[in-house]
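**Student:** Input: one structure, supplied below.
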Amino acid sequence: MSIDRALTDALKSQLRGTIVLPGDGGYDDARSVWNGMIDKKPGAIVRCSGVADIVQGIAFAREHRLPLAVRGGGHNIAGLGVCNDGLLLDLAAMRGVWVDPATKRAHAQAGCLLADVDRETQLHGLAAVLGFVSATGIAGLTLGGGFGYLTPRFGWTCDTVESMNVVTADGRLVRASERENPDLFWGLRGGGGNFGVVTSIEYRLFPVGPEIIGGAVAWRAEDAPAVMEMHRKFMASAPPECACVLVMRPAPPAPWLPREIHGKPIVVVFVCDTGPLADAEKRVAKVKAFGKPVGDILQRRPYSVQQTLLDAANPKGRRYYWKSEYLPAIGDDMGAKFREHAARISSPHSAMVLFPLGGALNALPAAHSPMGNRDARWVLNIPASWERAEDDAAQIEWARSAWQELKAFSTGGTYVNFLTEEEGDERVRAAYGANYARLAGIKKTWDPDNLFSNTKSFAPASAGR
Ligand SMILES: Cc1cc2nc3c(=O)[nH]c(=O)nc-3n(C[C@H](O)[C@H](O)[C@H](O)COP(=O)(O)OP(=O)(O)OC[C@H]3O[C@@H](n4cnc5c(N)ncnc54)[C@H](O)[C@@H]3O)c2cc1C
């Protein structure tokens, strides 16, 4: 449904940024998001050049009772960074980053991708706690919690936020921090895009790199039982500086893997050790020396390069469907089921992944931020990824059936940022546990009419537009 031309002309005159309408050249590119399964057609896309454009966009959507979506990096698996018919505020032009090395703080505009922040902070040997794929948006990642290689050391990304600037549903510009609007600040640190449009985020930074010990070691899938046992024991004794992600998947045609293994099932351990280089080198020698690897690129490298190692496996536009759970531990039964379903992968791009969480976040109380899940030590992710629409049913079925069996090992919690389009209220409640009720209360205060509905929501089912 297009929006009346006279209305969009009026909006255009209020903007510094541009507006893209259905039928305009570039409209299809402007509405596309990372997950190729999502095909939504907004009535207008505002490419915001600054906070004032966001304020105008919110006022316009509110006045004309239009669905409103906000896009940071467009990476959300459920396609929450775009909507049908309404107004899309695209923040991709707002990518400024200001670093203060003296206070170890960075202010980043909400359209930044992870790579933008890493690039600027690494100039000072500092890093924010961000995720594993550099084209992900900082806003969606941080508002939904956020975790990456640095999480075992420093916690959820949202636990390391000092403040955020926000435009509220009634068009006010407010700052949220421990001192200013503390209830809003609490809600924003995990509660998603429910409460307003965030225009910038202030992160605490930590000394990391610029060189670290990182990379990956791969073995044939036949060796997976032994590799998983080694990985479990290694991580149990490793300090939080050393984070290891375990992946099973068909070998991609990557130059570091021999040609004869391409397409064959492998198990890979991605390592990022941000401890002192000599200690880290000594530590990871155990992983490098284990069994008979078919590939090994675990070495001294820039932290900024480490942050891009998983980019090639996650290109924009492919078809994706994920299932996910938090795990308290990796036991033998879980490991056996994990391998069983990895062996059933039929797409060259799908994988089974175990991300480490355990460490700093476990030490905080459940209500520290909405993210809760302080008992989670691993994220199990089952990312199905394929190319042709005719394979949708089979690929989705693979991920669902693996999840059906593996969820028996869950803490009962799940990561809100990994929820797919069809996962509704029950799964959102699972993501937040006891923190859900407080989030619903903050939603009522800050967005009583549910203007910000294009998110995993706490509004009652009857609310909305
Ligand atoms: C390939 C890939 C790798 C990933 N890796 C990680 C990882 O390592 N760690 C991790 O924690 N997560 C990871 N994620 C999940 C990721 O955190 C979520 O998909 C997140 O929603 C992406 O943020 P975005 O800004 O790119 O998304 P978008 O699709 O742009 O937005 C997602 C949601 O955030 C809201 N939003 C965006 N910007 C704003 C804003 N400025 N103000 C208010 N609301 C806003 C949107 O309305 C929407 O509801 C990954 C996702 C992908 C696809």
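The values are calculated or read from the model by the stated rules, or taken from the named source; none is laboratory data. Note that the structure is a prediction, hence the values are computed from the model and not measured. Methodologically, a virtual Cβ is constructed for each residue, glycine included, from the backbone with ideal geometry; neighbour enumeration extends over all protein chains shown. Heavy atoms of the whole protein, side chains included, go into the accessibility calculation; ligands, DNA and RNA do not. Shrake-Rupley method; radii C 1.70, N 1.55, O 1.52, S 1.80 Å.
**Student:** By its C-alpha gyration tensor, with a ≥ b ≥ c as the square roots of the eigenvalues, how is segment 244-297 shaped: rounded for a/c under 1.5, else prolate for a/b larger than b/c, else oblate?
**Tutor:** Because a/c hits 1.5 or more and a/b exceeds b/c, segment 244-297 counts as prolate.
**Student:** Can you give the extra length, in nm with one decimal, that the chain gains between residue 333 and residue 367 once fully stretched, where that is 0.36 nm per residue apart less the Cα-Cα distance? Let's see the in-between values first.
**Tutor:** Details: separation 34, 0.36 × 34 = 12.24 nm, distance 3.13 nm.
The residue 333-residue 367 span can extend by a further 9.1 nm.
**Student:** Filter the GluC sites (Glu not before Pro) in segment 322-390 down to the DSSP loop ones having no more than 14 other Cβ atoms within 10 Å, then list what survives. Could the numbers behind the result be given before it?
**Tutor:** On the way: sites: 325, 340, 387, 390; in loops: 387.
Listed in order of number, the matching sites are 387.
**Student:** By the scheme Lys and Arg +1, Asp and Glu -1, what is the net charge of all other residues having a beta-carbon under 13 Å from that of residue 178?
**Tutor:** Once positives and negatives cancel, what remains is -1.
**Student:** Let me ask something else about it. Once ligands and nucleic acids are excluded and a 1.4 Å probe is used, how much of residue 368 is accessible, expressed in Å² to the nearest 10?
**Tutor:** About 60 Å², ignoring ligands and nucleic acids.
**Student:** Moving to a separate point now. On alpha-carbon atoms, Rg over Rh for the chain using Kirkwood Rh? Show your work: numbers first, answer last.
**Tutor:** Details: Rg = 21.7 Å, Rh = 22.6 Å.
Value, to two decimals: 0.96.
**Student:** Per DSSP H run of n ≥ 4, the term is -39500 (n - 2.57); total these for the chain, divide by its residue number, and report the mean residue ellipticity at 222 nm rounded to 500 deg cm²/dmol.
**Tutor:** Values: 14 runs with 127 residues, N = 465.
That comes out to -7500 deg cm²/dmol.
**Student:** Which whole-number percentage describes the relative contact order of the chain, with Cα contacts under 8 Å and a sequence gap of 6 or more? Working shown, then result.
**Tutor:** Working: 1089 pairs, mean separation 75.4, N = 465.
Over the chain, the number comes to 16 percent.
**Student:** Roughly how many Å² of residue 37 are accessible to a 1.4 Å probe, to the nearest 10?
**Tutor:** 60
**Student:** Ignoring everything but the protein chains, give the 1.4 Å probe accessible area of residue 189 in square angstrom, nearest 10.
**Tutor:** Rounded to the nearest 10, that gives 10 Å².
**Student:** May I ask you to give the percent of accessible area on segment 219-276 that is carbon plus sulfur, with a probe radius of 1.4 Å?
**Tutor:** Details: 1440 of 2420 Å².
C and S atoms contribute 60 percent here.
**Student:** Would you please put 125-131, 176-182, 357-363, 113-119 in order of how densely packed they are, using the mean number of other Cβ atoms within 10 angstrom per residue and starting with the highest? Could the numbers behind the result be given before it?
**Tutor:** Numbers: 125-131: 25.0, 176-182: 14.4, 357-363: 18.1, 113-119: 22.1.
Top to bottom by mean Cβ count within 10 Å: 125-131, 113-119, 357-363, 176-182.
**Student:** Measuring from a point 7 Å past the Cα of residue 281 along Cα-to-C-beta, which residues in segment 192-236 have an amide N at less than 11 Å?
**Tutor:** 213
**Student:** For a test of the definition: using alpha carbon positions, the gyration tensor, and the 1.5 limit on a/c, classify segment 241-376 as rounded, prolate or oblate. Before the final figure, lay out each step's value.
**Tutor:** Numbers: a/c = 1.60, a/b = 1.17, b/c = 1.37.
Oblate shape, in that a/c is at least 1.5 and b/c is the bigger or equal ratio.
**Student:** From the protein chains alone at 1.4 Å, what is the descending order of accessible area for 449, 159, largest first? The partial results should precede the final answer.
**Tutor:** Values: 449 115, 159 10 Å².
Solvent-accessible surface, decreasing: 449, 159.
**Student:** Just to make sure I understand: if all protein chains stay in place, what is the order of 103, 420 by accessible area at 1.4 Å, largest first?
**Tutor:** The most accessible residue leads, giving 103, 420.
**Student:** If you keep only loop residues by DSSP, which trypsin sites (Lys or Arg not before Pro) in segment 15-49 have at most 14 other Cβ atoms within 10 Å of their Cβ? List each step's numbers first, then the result.
**Tutor:** Values: sites: 16, 31, 40, 47; in loops: 16, 40.
Listed in order of number, the matching sites are 16.
**Student:** For each pair in 104/456; 12/41; 40/323; 104/288; 292/407; 41/456, compute the distance between the two Cα atoms and list the pairs where it is over 26 Å. Numbers along the way, then the final one.
**Tutor:** Details: 104/456 32 Å; 12/41 19 Å; 40/323 22 Å; 104/288 34 Å; 292/407 32 Å; 41/456 19 Å.
Listed pairs above 26 Å: 104/456; 104/288; 292/407.
**Student:** Two-decimal Rg/Rh of segment 1-69 from alpha-carbon positions, Kirkwood Rh? Don't skip to the end; give the middle numbers.
**Tutor:** Values: Rg = 12.0 Å, Rh = 12.6 Å.
Reported Rg/Rh (Cα atoms, Kirkwood Rh): 0.95.
**Student:** Now for a separate question. Two decimals is fine: what is log10 I(q)/I(0) at q = 0.16, 0.17, 0.26 Å⁻¹ for segment 321-360, from a Debye sum with one equal scatterer on every Cα and no solvent?
**Tutor:** One equal scatterer on each Cα of segment 321-360 leads to -0.49, -0.55, -1.07.
**Student:** Which order do the peptides 428-436, 76-84 come out in when sorted by mean C-beta neighbours inside 10 angstrom, highest first?
**Tutor:** On the way: 428-436: 19.9, 76-84: 23.1.
So the order, starting with the most tightly packed, is 76-84, 428-436.
**Student:** Ok, one more. With a 1.4 Å probe and every protein chain left in place, work out the accessible area per residue of the chain in Å², rounded to a whole number. Let's see the in-between values first.
**Tutor:** On the way: 18050 Å² over 465 residues.
Solvent-accessible surface per residue comes out at 39 Å².
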